[in-house]
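Here the structure comes first, spelled out in structure tokens, and everything after it is commentary.
Taken together, the values in this text are just the output of simple stated rules run on the coordinates, not laboratory data. Just so we're clear, the structure is a prediction, and the values are computed from it rather than from any experiment. Don't worry about glycine lacking a Cβ; one is built from the backbone with ideal geometry, like all the others, and counts go over all protein chains shown.
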Ligand code: SF4
């Protein structure tokens, strides 16, 4: 599957909002926190001003597409699927994205960024219900159990990311499984991950407030429904 491989901070500058594409680094070294850092990229970026109604909807769609790191065709397929499903198209659309395997691995803290979580899955370091899966787009269901392979537990990036989530906590629709659950809320120094299986479960479907997307999905639906 094709994917964007250019500079990612440029994407945040284009949308004029932090999209947290680099995980933990976005909290410490973000150009958008610098003076003039939020100017749109390009030689004439600062001059662009007029935004039409269509432009607003387009920007909202691009923002979400960039957060998810998807190309247009794959992103649009999620919209079509959501439209065909019963219930609110906007919420279903976001839920389909939120419950992708790579995003759930990120939300469980196995990686601090979506790109990192996708890499973990692609390289076969994650299993779902006991079976190794290397498809980041796999949709998960309530009750599915996701686990990091035993050999990957000691990876420095995984450990750092998990320790961060231990102190930050999990969204309410996910839970850590087994021994790992006992670690939540402890201080980072008191956590020993070398012997703890890293696994989590989808407890329930996330509702809109629990999803991690800083977008107005209604504008995206309007853009695609024209
Ligand atoms: Fe770069 Fe992260 Fe800041 Fe976006 S939020 S500009 S990816 S550091």
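Angle, helix 156-168 long axis vs. longest principal axis of the chain, Cα atoms, 0 to 90°, nearest 10? That helix lies at roughly 80 degrees to the long axis.
Springs between Cα atoms under 10 Å define the GNM used for the chain, and in it the highest mean-square fluctuation of 111, 137, 172 occurs at 172. With Cα atoms as the point set, the radius of gyration and Dmax of the chain evaluate to 18.3, 56 Å. Would you mind telling me which residue in 24, 33, 144 has the biggest mean-square fluctuation in a Gaussian network model of the chain, where springs connect alpha carbons within a distance under 10 angstrom? Top of the fluctuation ranking is 33. Against the main long axis of the alpha-carbon atoms of the chain, helix 89-98 sits at an angle near 50°. Taking the chain as a Gaussian network of alpha-carbon nodes connected by springs under 10 Å, the highest mean-square fluctuation of the residues 18, 63, 29 belongs to 29. In percent, rounded to a whole number, the relative contact order of the chain is 20, using alpha-carbon pairs under 8 Å and six or more apart. Cβ crowding within 10 Å, taken as a proxy for footprinting-reagent exposure, orders 57, 100 from fewest neighbours to most as 57, 100.
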